């Protein structure tokens, strides 16, 4: 089972040294002696900016949803052989920061898929894909003999009427989705939590416009004490610079809003269990995930969603206040890495590629430890930057120069030449990558390859166009 423990860990870490008019009660209110006290997010440039024209431009959205957000808190439980999902609670949040146009994306990324269904018509009115830390744990040896539960959350635009919320799992054998859980939700239910969950300061770092057509990237402080918030702000600025020094983010900077949540921890740093180092931190992060030294994660995804509940959020990235090398990125879940290592810029951009754009690792091991079953090569992987050639026309076949050999031989000095290079996704055979050396393969790659750049741009377009 050695390969199982390693295969889900990003090999980069293993191998390399309010809306003012909130509807349906989405504001944070509490009743006391008949009087209502409203706790709202601090005024921002976009507060109350929705216009009649916005509504006219997005009729499908406003037919079904309000400007608010619903968080669906879940418990994923099970083992290697089976899994179940339980509803833990519902939370009304002040603003939906996601797209109002692309409610059902034209791509199917993720090991899971969520769908919001109108029970009257039976139509899917919102959908998205995602991965989880629980899904990774199920590949561990421990899951062969132990059952565990992980907290996770999904966020959807706040519905106007009753909905069915359905989660599907991707089947390894076929690559298609199978229904895993279904919940009926009444958005007018008085038991839906409307409390403000924290009072941490939310600081707009980069404001390029209303969240409805921007990518809202939220940086969360982890392991920063109250006296270290100046350092956190500086670290956020550095990470923003790292991102926008890299194409295609560089020329798409105007499509991003950047937010910083100044979430204060009691202690500085993070847990390092195998060194018997324990810290009281706001997101409860730790190294040694799945007993792997450099795998740095936060096991409670719902907790991270609570920390970001007062801000428009399309993507969560956690900056962990540590010099120790490590991190992780999980698609449409979160990205997370260290603040103060010499490779922080490269690791951040790499992990954000996983969590934001659904990019696969392009590593493989040309040794006896090479993995042979990470992917089912009888089907096409869902990640946009690797292929099994089963449905290569859906990947980057259209980008190749006519006559490009498949597989493409590696030629020294032409590491950035687009082709179909065998080896990727941890597998030496059967999986192919677009160039020999991309940012999704090594820290020393000069850039993302053209295929990864196109995939990132398509994700930006999904949120912004």
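Contact annotation: no residue pair with Cβ atoms under 6 Å, 6 or more positions apart or on different chains, pairs a residue in the range 293-316 that is under 16 Å from residue 332 (Cβ atoms) and in the same structural domain as residue 95 (by TED's automatic domain parsing) with a partner that is buried (at least 21 other Cβ atoms within 10 Å of the Cβ) and modelled with pLDDT of 95 or more. Residue count for the range 75-90 under the criterion of being more than 14 Å from residue 165 (Cα to Cα) and in a strand (DSSP E or B): the result is 6.
Among the residues of the range 298-315, the one identified as part of a strand (DSSP E or B) and surrounded by 24 or more Cβ atoms within 10 Å (Cβ to Cβ) is 298.
Yes or no, residue by residue, for (1) surrounded by 18 or more Cβ atoms within 10 Å (Cβ to Cβ); (2) under 26 Å from residue 307 (Cβ atoms); (3) in contact with a strand residue (DSSP E or B) (Cβ under 7 Å, 6 or more places away or on another chain):
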site	(1), (2), (3)
57	no, no, no
68	yes, yes, yes
76	yes, yes, yes
104	no, no, yes
149	no, yes, yes
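Of all the listed residues (264, 236), the sole one being assigned to a loop (DSSP other than H, G, I, E, B) and either surrounded by fewer than 24 Cβ atoms within 10 Å (Cβ to Cβ) or at pLDDT 95 or above (or both) is 264.
Suppose the filter is in the same structural domain as residue 346 (by TED's automatic domain parsing) and under 20 Å from residue 346 (Cα atoms); does residue 445 pass it? The answer is no for residue 445.
The combined condition, being in contact with a helix residue (DSSP H, G or I) (Cβ under 8 Å, 6 or more places away or on another chain) and crowded, with 16+ Cβ neighbours inside 10 Å, is not fulfilled by residue 421.
In the range 189-204, the residues that are farther than 30 Å from residue 240 by Cα form Cβ pairs under 6 Å with partners that are at pLDDT 95 or above, at six or more places apart or across chains, as follows: 192/90; 192/92; 193/91; 194/92. Exactly one residue among 399, 459 is surrounded by fewer than 19 Cβ atoms within 10 Å (Cβ to Cβ) and either closer than 26 Å to residue 244 by Cα or in the same structural domain as residue 250 (by TED's automatic domain parsing) (or both), and that residue is 399.
Scan the strands (runs of 3 or more DSSP E) fully inside the range 131-226 and keep the ones with 2 or more residues being within 20 Å of residue 78 (Cα to Cα) and over 17 Å from the mean Cα position of the chain (by Cα). Passing ranges, in order: 148-159, 163-170, 177-185.
For the range 248-259, check the following and say yes or no: at least one residue is part of a loop (DSSP other than H, G, I, E, B) and either in the same structural domain as residue 76 (by TED's automatic domain parsing) or modelled with pLDDT of 95 or more (or both). Yes: one or more hits.
The values are calculated or read from the model by the stated rules, or taken from the named source; none is laboratory data. Remember, predicted model here, so these are calculated numbers, not experimental data. Here Cβ is always computed from backbone atoms with ideal geometry, including for glycine, and neighbour counts include all displayed protein chains.
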